[in-house]
1. Which one of ASN261, ASN231, ASN109 has the biggest mean-square fluctuation once the chain is modelled by GNM with Cα springs under 10 Å?
2. By how many degrees, 0 to 90 and rounded to 10, does the Cα axis of helix 3-21 deviate from the longest principal axis of the chain?
3. Going by amide H atoms built from the backbone, whose H comes under 5 Å of the H on ASP316, apart from near neighbours?
4. Mind checking the log10 I(q)/I(0) for the stretch 128-290 at q = 0.10, 0.12, 0.13, 0.18 Å⁻¹? Debye, one equal scatterer per Cα, no solvent, two decimals.
5. Determine, from the Cβ-Cβ distance of HIS113 and THR222 and an R0 of 35 Å, the FRET efficiency 1/(1 + (r/R0)^6), rounded to the nearest 0.05.
6. Mean separation of Cα pairs under 8 Å and 6+ residues apart, divided by the residue count of the stretch 128-290: what relative contact order is that in percent?
7. Over the alpha carbons of the stretch 195-276, what is the largest minus smallest coordinate on each principal axis, giving the biggest first in Å?
8. Of the listed peptides 304-315, 46-57, 87-98, what is their order by residue-averaged count of other C-beta atoms within 10 Å, with the highest listed first?
Amino acid sequence: MDAHKLLLWSCLAIGVLFQACVKDTQDIPPGFAGDPVFGMSALIDSQYLELKAGEDLWTMVPVVTSEDSLVVYKAVLSQNGCLDQCSPSWQFSFYQAGVQDANPQTLFNETIHPGTKQLTQSDEELDSFAVTLSTHPGLFMSGYSYWQDINQQTSTFLNQFETVVGYQENINVCFQSLAYTGCQYRQCVIFDPATLVPCLSSIEAKLENPRYVSLSVRAEGTPPFQIEWYNESTSPSIVVPIRDTVAEVFAAVTVTDARGNRSELIQSVRVSNGVVDACYFPIELNSTPVPHNTDIKANRVGIVYQDEHGDLWRSDGGVQSDQAGLIIDSVTSYGYAPDQKSAYLVEARVHATLYNVTTGESRFFTTSRLSLALSHP
């Protein structure tokens, strides 16, 4: 073979090899249906799942929509190219606050890039709680009384204390009073507003005989209660010796209810010539859920899974752990989608809890491989 023919055959071989390695953008099948590059392998509550576009009629379809002034980049993994109410199907949605007249490529790059994306939040996560604590106004005329917010180290000399507490935050507030009679009282309320029902306590004192006083705790909240007195007794009642006809006992008790709410009470009990005076200041606490103003979707990712029975499982159906999220490892240009929009191969990983919309049941979802088809206008 002469040199000219050898060179010609070499060029043809290189050309064939080049064509085999470079994907013709016009040959991308509709919805990337026949390309096993797109798909995922995952665990749902330890059950293995592997889906690939082009196998068992699965397809991966990129969709761009708008929702509540947000641009939404979606990757829909379903069968037969189904996009709406598909059973089964997976939908991964990337939300971005839309900017008027923004360049589509720029807006896409601001949203789809390597790094961690938080999941869209549920209404539960974004709830805050308006908490009001109050006692009788007349108590503030009986001596030196005030509320103290231990979390913020602030005090107020009003009979009512109000604050707003975010979801998954506790409140730690104390009411303290020193009456003109010398009666001393301090009750600290440690409370999770999401439980709505606080744990409060009071002490009743009764003179059993000239030498002993019985102290009994009255608890409000969610039973059963754990009780711990200052003398380490866990009984609802204890007996305290009295040595003099005029005496004062500082009784301290901590009560914890079944929801983890707690009351820490210190109360003076005075005995004078057979008369028992136990300080008592009625406290009322109300916790009211209120909506939060933070956008629950902007710059976040939502996951919706519709199983073979038609049940919907959503990542925004309940509270996510601190470790939850979607991690984008790489973004690669992939020619054009069937509608001639720019297409991208997005390699990512997910850790999320999915909640059943109907039953509230949860399932843990984690991927070892997630390859999405995304596009922009």
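1. ASN231
2. Roughly 30 degrees, rounded to the nearest 10.
3. ILE303
4. -0.38, -0.54, -0.63, -1.10
5. The pair HIS113/THR222 has a calculated efficiency of 0.15.
6. Result for the stretch 128-290 is 26 percent.
7. 45, 19, 16
8. Put in order of decreasing packing, that is 87-98, 304-315, 46-57.
Taken together, the values in this text are just the output of simple stated rules run on the coordinates, not laboratory data. Just so you know, these numbers come straight off a predicted model, no measurement behind them. Neighbour counts are summed over all protein chains in view; Cβ atoms, including those assigned to glycine, are modelled from backbone coordinates with ideal geometry.
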